[in-house]
Amino acid sequence: MTHSFILAEGSNAALITFMVYTLAVFGIAALSNRLLKSKSFMSEYFLGSRGLGVWAFALTFAATSSSGGSFTGFPAKIYTHGWVLALWIGSYMVVPICTMGLIGKRLNQVARSSGAITIPDVLRDRFNSARFGLLTVVLIVFFMSFNLVAQFKAGALILKVLLSDVEVFKSFSLSVAEWTSGVGFFGSDSQYLVCLLFFGVAVIAYTTYGGFHAVVWTDVMQGVVMVVGVLILLPLALNAVGGLDRATQEMSKMTPPMRGYGVVQLDDSTSEISQLGKEDWLKMSDEDSTRVFRVAASKTIEAGTETVYGVELLEITTPSEIERILAGETPSEFVDGAKVTRFSDPDSRYGTATITAKAAITMPPYAPLFARPSTKMTPTEYIQIPDNVTLAAGESKSVLIEISGRLEDQVFNDPDGDVKFSDISTKSVKYAHGADTPGVYVSGPGPSATDSVGFLSLSVAISFFFMWAISGSGQPSNMVRLMAFKDSMTLRRAIFTVALYYTCIYVPLVFIFCCARVLVPGMEAEPDRIMPEIAVYLTNGIGAAWLGGLLIAAPFAAVMSTVDSFLLMISSAMVRDIYQRNINPNASEGTIKKLSYLCTLVVGSAAMIVAINPPNFLQDIIVYVGSGLAACFLAPVVFLLYWPRSNVQGCTIGMLAGFTAHFSMYVTGAFVNDSFFRPYRLLDFDPIIVGLVVSFTMTYFATLATPAPPQELVRKYFYRRVES
Amino acid sequence: MESSSNSSPDEFELDPVFLNSRREAWVIFGVWFLCMIWAVPVSYMMGYGHEIVPGNVPTVFGMPTWIFWGIVCPWLVADVVTTWLCFRFIKNDDLGVAPEELAEAAGSADQSATGDAAAKGGV
């Protein structure tokens, strides 16, 4: 059975699983909608009537916290950086007790006593301040809108990865490409567009129709799929690799791959090879040795071509791994009739640039024309273009480039003035940390392609302990779930359940994907595909392709359960916090009902439309929003719950100070690091720590500097009448 | 009352749910801090900057030693502590009743009364 056939079979299973999944989700939404008819609409639609039991509460909390990243980004990181990811995720040992236990019981009590349904409701009622409530609405809508678009994009990308080998999907996407050709708004990636529409319509429909209970019940189903998938994968992976110890010892021999551009020679110009795909493997052999490469970006080959230039390749550098690949012990399929004849110099960098010609010019690949220093280059630096280039006078074109030598500036000028380079973007062929160093995958800080200090420095490790456990407590999407559980006993049992759940998910995930590093080499070319790849590889090994489909559904389930929660948060902020509480307090239940459906539908559709052309920096947006929300909300919420002296002035100042401090780290990064999404790290700590420290400090001192809160509010939320 | 009060101090007392929650929050925060000062320094001292002999890495249950002592061991301890907190330490407080829950309870009581009356032919 060939590797591509295995993938196709697994992807068909993924398609069937996806269809079954979608049907189940709609069934759940229909059941939830029946509940809406028998209860108070607002409380039921946005908060599930505060009646969540242990399993529903535990699994909706766990599934919402585990976004799509847990099943795509996290496995990809384990694969790319090795064992150090156990430390990166280590604070999940206390995430359940922190995120649910620190404020859960008290928040639930305060929300009940005020009748609050949303987080802005709680903050507004706690201080009886409409302005404070509106400020929180603005912040939530601001952050969540960004996040919603980013999560829609994440969902579509995950679906695209999962379905990329399904024939029906590919042909349908081609048809969509024809229908939308010429309409720039729809972009050039029809597969992404199709996935976005499927994903978006499904999520918007079931969330709109079913409300909070639909979201919770689908979360439960998704949570079960996730843990079952991981627990099935673990023994399969350990068995396939020959035990965890063997995986660790093999990893200790590994060195990071190199990535760059190569030249591929076909046996003759009548070769039937029309494309070099991402699964393809190639060799470069001489008398003494054989070098092994994987295609890192698909390349179309024109008919009649014998020599293919500018092929992006990944070179495997570990001798024992090369031996296993050549011996056929891994799922690596070499392309017949093609070989690599040239690859980037290990000390060079590769990337892209825009060139503009003043006069018409034609250059052969690797032309030495550019091997000249300009006034902004040292004599040892030069650029090459690893492909044929033909430009008319005044024409600009994006090209692949290789730079050898030290880069001092991002503008290069040909001394003859014929060609100008701009928009140069390059990466090192070798990893910035860990290249040529065996053992880097089993020790800290882990290899990094871009960061010379490695993947996880000490300060970053500390930052992540804050990030997951403490900032997780400050997420409004988590807080709203803490308002929905039934009683204290439910909370206690749910914390225990989630603690076990995370132990069963995250520790095995590290084991599984360390094994995957050994079992499936060369996935650095497309690390986000490692989850479906390993699921299909392992389950086909035991003849259970359907199981692969189920496992592949886990990341899709994870991102779905995150998106639906965010969607409901934004619509609740608009309907409850803006319309009902500020515009029309006497609105009838029928009006609120129609408005809630409409708002969820409109917000979801708007996010989906924006996601057709989404901003880049997907993961960066998610990190910015998550840490920004914590910097704004955690300190005020902790103080208003636990400090009778807290007042609206102090909490407002603390909230704004947290926002500003966190935001300023990103703005400073835009100047210092040339990108908003590469924030400035004060003392090498993540902006979340700066934001939290400033927010807590400012809330405390501003509260002390302003008048004490009204007695009736203190009495209502902190005292009870003595029973005689 | 903890903050200044105009009413009679005998009429009100600090809410035990607030007191219990605050005490539990401090303990939970302490657990987080202890886990951090176990996991990060142990991992750093045992797992960073050491010479690795390829193919001969010291392991415990198949994982590198520093992962076991720095992450997996405290993780298991954290699970035990969490279990203890959940079933022994965190109090089973009454969190009250929300206004809409009261209204629904009243509504269902009315319906029940109406139903009973209808059954008896009274309405």
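Pick from A:Phe293, A:Phe334: which is within 27 Å of A:Ile534 (Cα to Cα) and surrounded by fewer than 22 Cβ atoms within 10 Å (Cβ to Cβ)?
Working: A:Phe293 fails: surrounded by fewer than 22 Cβ atoms within 10 Å (Cβ to Cβ).
From the options A:Phe293, A:Phe334, the qualifying one is A:Phe334.
I'd like the residue in the range B:14-36 that is touching a residue at least 24 places away in the same chain (Cβ under 8 Å) and more than 7 Å from chain A (Cβ to nearest Cβ) and, out of all such residues, is nearest to B:Val77 (Cα to Cα). Give the steps one after another, and end with the answer.
Just the residues of the range B:14-36 that are touching a residue at least 24 places away in the same chain (Cβ under 8 Å), to begin with: B:16-17, B:20-21, B:24, B:27-28, B:31, B:35.
Cutting the leftovers down to more than 7 Å from chain A (Cβ to nearest Cβ) gives us B:16, B:20, B:27.
Details: B:Pro16: 29, B:Asn20: 24, B:Val27: 15 Å.
Out of the qualifying residues, it is B:Val27.
Residues in the range B:55-75 that are within 8 Å of chain A (Cβ to nearest Cβ) and loosely packed, with under 15 Cβ neighbours inside 10 Å: how many?
Within the range B:55-75, the first condition is being within 8 Å of chain A (Cβ to nearest Cβ), and the residues that meet it are B:55-57, B:59, B:61-64, B:66-67, B:70-72, B:74-75.
The next check asks that each one be loosely packed, with under 15 Cβ neighbours inside 10 Å; those that pass are B:55-56, B:61.
Residues flagged as within 8 Å of chain A (Cβ to nearest Cβ) and loosely packed, with under 15 Cβ neighbours inside 10 Å within the range B:55-75 amount to 3.
Could you tell me whether A:Tyr624 is under 18 Å from the mean Cα position of the chain (by Cα), farther than 30 Å from A:Tyr209 by Cα and not small (Gly, Ala, Ser)? Even if it seems obvious, please write down each step before you answer.
Details: under 18 Å from the mean Cα position of the chain (by Cα): yes; farther than 30 Å from A:Tyr209 by Cα: yes; not small (Gly, Ala, Ser): yes.
So A:Tyr624 fits the description; yes.
Run down A:Leu193, A:Leu163, A:Leu174 and say which single residue is modelled with pLDDT under 80 and in contact with a Ser or Thr (Cβ under 9 Å, 6 or more places away or on another chain).
On the way: A:Leu193 fails: modelled with pLDDT under 80; A:Leu174 fails: modelled with pLDDT under 80.
Within the list A:Leu193, A:Leu163, A:Leu174, the selection yields A:Leu163.
Among the numbered conditions (1) crowded, with 24+ Cβ neighbours inside 10 Å; (2) within 30 Å of A:Met608 (Cα to Cα); (3) away from every other protein chain (no Cβ under 14 Å), tell me where A:Arg124 comes up short.
(2)
Among the residues of the range A:273-280, is any more than 14 Å from chain B (Cβ to nearest Cβ), hydroxyl-bearing (Ser, Thr, Tyr) and touching an Asp or Glu at 6+ places or on another chain (Cβ under 7 Å)? Spell out how you get there, then give the answer.
Initially, the range A:273-280 is screened for residues more than 14 Å from chain B (Cβ to nearest Cβ), giving A:273-280.
With hydroxyl-bearing (Ser, Thr, Tyr) added as a condition, the list becomes A:274.
This time we only want the ones that are touching an Asp or Glu at 6+ places or on another chain (Cβ under 7 Å), so: none.
Checked against the condition, which is being more than 14 Å from chain B (Cβ to nearest Cβ), hydroxyl-bearing (Ser, Thr, Tyr) and touching an Asp or Glu at 6+ places or on another chain (Cβ under 7 Å), the range A:273-280 yields no hits at all.
Which of (1) facing chain A (nearest Cβ under 7 Å); (2) over 18 Å from the mean Cα position of the chain (by Cα); (3) at pLDDT below 95 does B:Glu51 not meet, given it meets every other one?
Tallying (1) facing chain A (nearest Cβ under 7 Å); (2) over 18 Å from the mean Cα position of the chain (by Cα); (3) at pLDDT below 95, B:Glu51 fails exactly one: (1).
For the range A:93-121, what are the residues that are more than 8 Å from every other protein chain (Cβ to nearest Cβ) and in a helix (DSSP H, G or I)? Break it down stepwise before answering.
Our first condition is that a residue be more than 8 Å from every other protein chain (Cβ to nearest Cβ); within the range A:93-121, this holds for A:95, A:99-100, A:104, A:107, A:110, A:114, A:116-121.
Answer for the range A:93-121, where residues must be more than 8 Å from every other protein chain (Cβ to nearest Cβ) and in a helix (DSSP H, G or I): A:Val95, A:Thr99, A:Met100, A:Gly104, A:Leu107, A:Val110, A:Ser114, A:Ile119, A:Pro120, A:Asp121.
Considering only the range A:74-83, I want to know if a residue exists there that is crowded, with 24+ Cβ neighbours inside 10 Å, facing chain B (nearest Cβ under 9 Å) and either touching a residue at least 60 places away in the same chain (Cβ under 8 Å) or within 29 Å of the chain's Cα centre (by Cα) (or both).
Checked the range A:74-83: at least one residue is crowded, with 24+ Cβ neighbours inside 10 Å, facing chain B (nearest Cβ under 9 Å) and either touching a residue at least 60 places away in the same chain (Cβ under 8 Å) or within 29 Å of the chain's Cα centre (by Cα) (or both).
Residue by residue, here is whether (1) touching a residue at least 12 places away in the same chain (Cβ under 8 Å); (2) under 22 Å from A:Ser561 (Cα atoms) holds:
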position: A:Ala111; (1), (2): yes, no
position: A:Ile119; (1), (2): yes, yes
position: A:Phe127; (1), (2): yes, no
position: A:Ala130; (1), (2): yes, no
position: A:Leu135; (1), (2): yes, no
position: A:Val138; (1), (2): no, no
position: A:Phe146; (1), (2): yes, yes
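Kindly indicate which of A:Asp416, A:Asp409, A:Asp387 is modelled with pLDDT of 80 or more and either in a loop (DSSP other than H, G, I, E, B) or within 14 Å of chain B (Cβ to nearest Cβ) (or both). Before the answer, list the steps.
On the way: A:Asp416 fails: modelled with pLDDT of 80 or more; A:Asp409 fails: modelled with pLDDT of 80 or more.
Sole residue among the options that is modelled with pLDDT of 80 or more and either in a loop (DSSP other than H, G, I, E, B) or within 14 Å of chain B (Cβ to nearest Cβ) (or both): A:Asp387.
Being among the hydroxyl-bearing types (Ser, Thr, Tyr) and in contact with a Ser or Thr (Cβ under 7 Å, 6 or more places away or on another chain): is that true of A:Thr539 here?
Values: among the hydroxyl-bearing types (Ser, Thr, Tyr): yes; in contact with a Ser or Thr (Cβ under 7 Å, 6 or more places away or on another chain): no.
Spelling it out, it is not the case that A:Thr539 is among the hydroxyl-bearing types (Ser, Thr, Tyr) and in contact with a Ser or Thr (Cβ under 7 Å, 6 or more places away or on another chain).
I want to confirm something. Restricting to the range A:652-686 and keeping residues that are modelled with pLDDT under 90 and part of a helix (DSSP H, G or I), which single residue is surrounded by the fewest Cβ atoms within 10 Å (Cβ to Cβ)? Give the steps one after another, and end with the answer.
Restricting attention to the range A:652-686, the residues satisfying the condition of being modelled with pLDDT under 90 are A:669-686.
Still in the list and also part of a helix (DSSP H, G or I): A:669-672, A:682-684.
Values: A:Gly669: 18, A:Ala670: 14, A:Phe671: 10, A:Val672: 12, A:Leu682: 15, A:Leu683: 7, A:Asp684: 12.
Result: A:Leu683.
Taking B:Val42 as the residue in question, decide whether it is more than 7 Å from chain A (Cβ to nearest Cβ), at pLDDT 95 or above, surrounded by 12 or more Cβ atoms within 10 Å (Cβ to Cβ) and not in a strand (DSSP E or B). Break it down into steps so the answer makes sense when it comes.
Details: more than 7 Å from chain A (Cβ to nearest Cβ): yes; at pLDDT 95 or above: yes; surrounded by 12 or more Cβ atoms within 10 Å (Cβ to Cβ): yes; not in a strand (DSSP E or B): yes.
Yes.
The values are calculated or read from the model by the stated rules, or taken from the named source; none is laboratory data. Note that the coordinates shown come from a computational prediction; the quantities given were computed from them, not determined experimentally. For neighbour counting, all protein chains shown are included, and Cβ atoms are generated from backbone atoms with ideal geometry for every residue, glycine included.
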